[in-house]
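Structure record follows, encoded as C-alpha cells.
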There are 2 protein chains.
Amino acid sequence: MDAFVVTAQQPEMETHMVAPQNPTVVVEHYFAAFNAGNAAAIGALFADDASVQDPIGTPSHIGREAITQFYQAAINTGARLTPTGAIRVAGKHVAFPFCVQLEVGGSEMIIEVIDTMRFDDEGQIEEMRAYFNTTGVRDFLV
Amino acid sequence: MDAFVVTAQQPEMETHMVAPQNPTVVVEHYFAAFNAGNAAAIGALFADDASVQDPIGTPSHIGREAITQFYQAAINTGARLTPTGAIRVAGKHVAFPFCVQLEVGGSEMIIEVIDTMRFDDEGQIEEMRAYFNTTGVRDFLV
C-alpha cells in the first residue's frame, strides 16, 4: 500500500487524489490517513452525500464536510487505530475488526471496534457504521 | 453460557424456549445452536419477519421459516463456526468476527466472516448480514 501512505507532510496531495477503486485499498488508506492525523484525506474517501454512524444507532454525520469534521474530532482525541483481523470484502460491502488505543485520564484504553462500509460505483464510501461496546465508554466518546 | 448450550438431543425444548434478551447471550446461543446442528433453535432467535443476507448484497431470506431453512442448508454443508474475537455490542446492534471451517473436495477451507445483527425490543434478531470475501467462494457457496 505504499502508493497510498498518507503523511501529515503532504495533506494537499492526499486530499485531492482520486479515491482508489479497490475497497481493501480504501480501508488501508483509511487507517493510514487516520493515524497520520489527516482528516481531509479520510473525507476524500467518502462520497459527497455519505453517512457515518459511530457508533451505529446514533445520529448520522451526513456529507463529506460533516464527516471530515467528525474524523478531525476523533483524531484530536489522540486515538490510534490498529487492524486486528482480515478485511472481509463482499462485493461493495466490507467489514473489518480493529482496535482503538486511547489515553484517558493518564491510562491507556483499548476499544475493540468493527467498521462496516458500503461503496458506490466509483469506489467511494457511501455509508460507514462503527460497532463497539458503548456501555462504559458512552460518557466521553458519544 | 451453560444455560444456553444447545444439543442435538433436545431440539424441542430449545426451539420453544423464550429468546434471551441479552445480545451477547443470543450470539453465544447462535454459535452453539449452529455447531449442534439445530437449525430450529437458530430460527427461534429471529423475529417473525426478520431478514438475513448471507453474504450481504445477495437476496434476503425473509421470515423465520425461510431463515431456518437457510441455516439447515448451511449446517448440512458440515460447516463449523469458531469465534475469533470480541462481540461488539452497540445498543441493539452487534458485530462479531468468526471463522467457518468447511471441507471442500477433501481439503479444509477456512472462511473469515463478520456477522452484524440488529435486535428488536424483545431481544430477537431482526436483521443479520454476513460479510466475507465472496471472490473465490462464490461458485459453491452463493
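Within 10 Å of each Cβ of A:108-117, how many other protein chain Cβ atoms are there on average?
3
Residues of A:124-135, mean number of Cβ from any other protein chain within 10 Å of their own Cβ, rounded to a whole number? Don't jump to the answer; show the numbers that get you there.
Numbers: counts 0, 0, 0, 0, 0, 4, 4, 12, 5, 7, 5, 3.
The mean count of partner-chain Cβ atoms within 10 Å per residue comes to 3.
P(r) of the range B:41-110 in 5 Å steps, Cα pairs, percent per bin?
Final binned percentages: 4, 14, 17, 24, 25, 13, 4, 1, 0.
Pop out the Kirkwood hydrodynamic radius of the range A:31-78 from its pairwise C-alpha distances, inverse of mean 1/r, in Å to one decimal.
Numbers: mean 1/r = 0.0935 Å⁻¹.
After inverting the mean inverse Cα-Cα distance, the result is 10.7 Å.
Measuring label to label, 7 Å along Cα→Cβ, what does A:E108 give against each other copy in nm, shortest first?
Shortest to longest, the spacings are 3.3 nm.
Put a label point 7 Å from Cα along the Cβ direction on A:N76, then list its distances to the equivalent points in the other copies in nm, shortest first.
5.7
Quick one: what are the phi-derived ³J(HN,Hα) couplings along the range A:44-51, Karplus 6.51/-1.76/1.60 with θ = phi - 60°, whole Hz, x for glycine and proline?
5, 7, 9, 5, 3, 10, 5, 10
Over the range B:66-140, what is the mean sequence separation of C-alpha contacts under 8 Å (at least six apart), divided by residue count, expressed as relative contact order in percent? Mind showing how you got there, number by number?
On the way: 109 pairs, mean separation 15.1, N = 75.
For the range B:66-140, the relative contact order is 20 percent.
With the label 7 angstrom out along Cα to Cβ, how close does A:I62 come to the same site in each of the other copies, in nm, nearest first?
Values, ascending and in nm: 2.5.
Averaged over peptide B:80-90, how many Cβ atoms belonging to another chain are found within 10 Å of each residue's Cβ?
Averaged over the peptide's residues, the number is 5.
Each value in this text was obtained by applying a stated rule to the coordinates, not by laboratory testing. Just so we're clear, the structure is a prediction, and the values are computed from it rather than from any experiment. Neighbour counts run over all protein chains shown; Cβ positions are idealised from the backbone, glycine included.
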